[in-house]
Amino acid sequence: MASRNYAYQYETSPRKIKPDYNKPSKGKQTKSKATSKKRSARQENKARKREQEALKIQKKLVLKTKLSIFFKCIILFGIIFFMLFRNSQISEQFSKIQKLKTEITSLQKENDQLEISIQNSLNLNNIEQAAKELLGMQRLTNKQTVYISIPKKDYVEHRAEEVIIEEEKGFFEGLVEKLKSLF
């Protein structure tokens, strides 16, 4: 089989040659050559203009894509920065919470110890010991006990008490009572 890298070296299709029925004279040939040169120059200018316009359009497209990529990158970095900032705030608040929790547990332990010390200080044995040591007090003995006899007529008799219940009266009722007491 033939290799694909090789191509036909010569074109094999027959060309159709157009016959020139009207041959121009030499003066016309110079004119046609001049006009054809002008036409080719115009065509070249038009082609250059088209190429320049195509280059301008292509540059605009490249600039637009670069700007869109730039703004997308800025937005992406903004989102990433925002997420990192929020995560740092969350971790800071979490550390504050942990610090407060440890402070609460230490205060609760101290509070429990103070409650135990208060209960121990309210113990009667501790009170008696403090009274003996700090104040120099002693327990009563039988010699220090004195009994008193009181005659019966010195007793106080209970008397029936009168209970006066005053009801709260409204403004107008109080005003009427005051007016009645004046007249």
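Take residue 56 and tell me if it is outside any loop (DSSP other than H, G, I, E, B), at pLDDT below 80 and surrounded by 10 or more Cβ atoms within 10 Å (Cβ to Cβ).
Judged against the criteria, residue 56 is not a match.
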So is residue 101 within 47 Å of the chain's Cα centre (by Cα) and either at pLDDT 95 or above or of a type outside the set (Val, Ile, Thr) (or both) or not?
yes
Within region 121-142, residues being surrounded by 11 or more Cβ atoms within 10 Å (Cβ to Cβ) and of a type in the set (Asp, Glu) number 1
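The values are calculated or read from the model by the stated rules, or taken from the named source; none is laboratory data. The model shown is predicted, which means the values in this text are computed figures rather than measured ones. Glycine gets a Cβ as well: all are built from the backbone with ideal geometry, and neighbour counts include every protein chain shown.
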